[in-house]
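Just so you know, all these numbers are worked out from the coordinates, no wet-lab data involved. None of the values given here were measured: they were computed from a predicted structure. As a convention, Cβ positions derive from the backbone with ideal geometry for all residues, glycine included, and neighbour counts pool all protein chains shown.
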Amino acid sequence: MTENAFADGAAYVKGAFVPIADATIPVTDWGFTRSDAVYDVVHVFHNGFFRLEDHMNRFARSMQARRLRPPEDRAAMETILHRCVALTGLSDSYVAMVALRGRPTVRGSRRPADCQNHFIAYALPWIDVIPLDVQERGAHLWIASVPRVPDASVDPTVKNYQWSDLTTGLFEAHDNGFDTAILCDAEGFVTEGPGFNIFVVKDGTVITPDRGSLHGITRASVLELCAELGIPAMVAPLPRAVLEEECDEVFAATTAGGVMPAARVGRRILGNDRPGPISRKLREEYWKRHEAGWHRTPVRPLA
Ligand SMILES: Cc1ncc(COP(=O)(O)O)c(C=O)c1O
């Protein structure tokens, strides 16, 4: 039997499907030199996309906000995502779509409007931004000293690659022996972490920040679950002091890992140093509903 050349991942770039190792962009692409790109990530669980429609809607909004207009329309992009996954043969996958500014068609131009925008997509084997064993134990979350970039400068609801502040948070977290980081804004409100939204549980109520964060699809799923399970939940300002001193539980939420409970935040140990009961319940329900086909779009087989 021949080895599948796409087993490590399949990409669509420059209009063609290639093994992930062969997917490249020019060094002069503004998507690279200026992080002038928007993206989205959807997961495939047991051969089905989760909330594909919601991810496509958010991606369309991101592209519009940054005036990115690649030639492929939405239907073509969806077909490309299906094909990337099908080529890999993976039943569980991390699937990214990216719109890049590209290169100017007029030599030396500094005008974004002169650039030829393009679309890239790829499917990789499943990724958990917090490894499974750490999720089980409960993540140790560092509260970063660097503030999250202001919303007025970089709109956090437009999914983007401007990660300097988030990466600095990771440096600090790892230097201090923590798993990952949470960033607060300059006014002292909790925002999000490198690749995930943050939730706290305080006196039985689930709270996620109303600012400085992506409107995560997993965040929306958590809020939906809370409504169905009768757990009070709200999107509200979240002062850093609540995280550092007052909350009972903390968890992170993202497409690449789902609901990921914490056991420690900063120098504080939460509860019995293990994931708390509401975090555990939400994590369990999130995956149980995946098994039952929640918001599922089957991956189209190769034609
Ligand atoms: C900065 C940031 N916040 C939040 C999230 C979570 O969003 P979602 O649940 O849509 O994956 C992500 C996902 O990658 C992210 O990069």
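Note on the chain: the alpha carbon radius of gyration divided by the globular reference 2.2 N^0.38 Å gives 1.02.
Global size of segment 132-291: 14.3, 41 Å for Rg and Dmax (C-alpha atoms, Rg to one decimal, Dmax whole). Taking amide H as placed 1.01 Å from N in the peptide plane, V206 has its amide H under 5 Å from the amide H of A233, M234, each at least 5 places away in sequence or on another chain.
Per-residue packing, averaged as other Cβ atoms within 10 Å, sorts the ranges 193-205, 145-157 into the order 193-205, 145-157, beginning with the highest.
Of the trypsin sites (Lys or Arg not before Pro) found in segment 214-303, the ones in coil according to DSSP and having at most 10 other Cβ atoms within 10 Å of their Cβ are R267.
For a straight C-alpha distance cut-off of 26 angstrom, the lysines reachable from K159 (same-chain residues fewer than eight places away being disregarded) are K14. By the rule of a C-alpha distance below 18 Å, with chain neighbours fewer than 8 residues away ignored, the lysines paired with K281 are K202. Segment 1-22 and segment 112-181 have Cα centres spaced 26 Å apart.
For the chain, what does -39500 (n - 2.57) per DSSP helix run (n ≥ 4), summed and divided by total residues, give at 222 nm, in deg cm²/dmol to the nearest 500?
For the chain, the value works out to -8000 deg cm²/dmol.
Amide H contacts of L270: R264, V265, each under 5 Å away and 5 or more positions distant or on a separate chain (H built 1.01 Å from N in the peptide plane; Pro and chain starts excluded).
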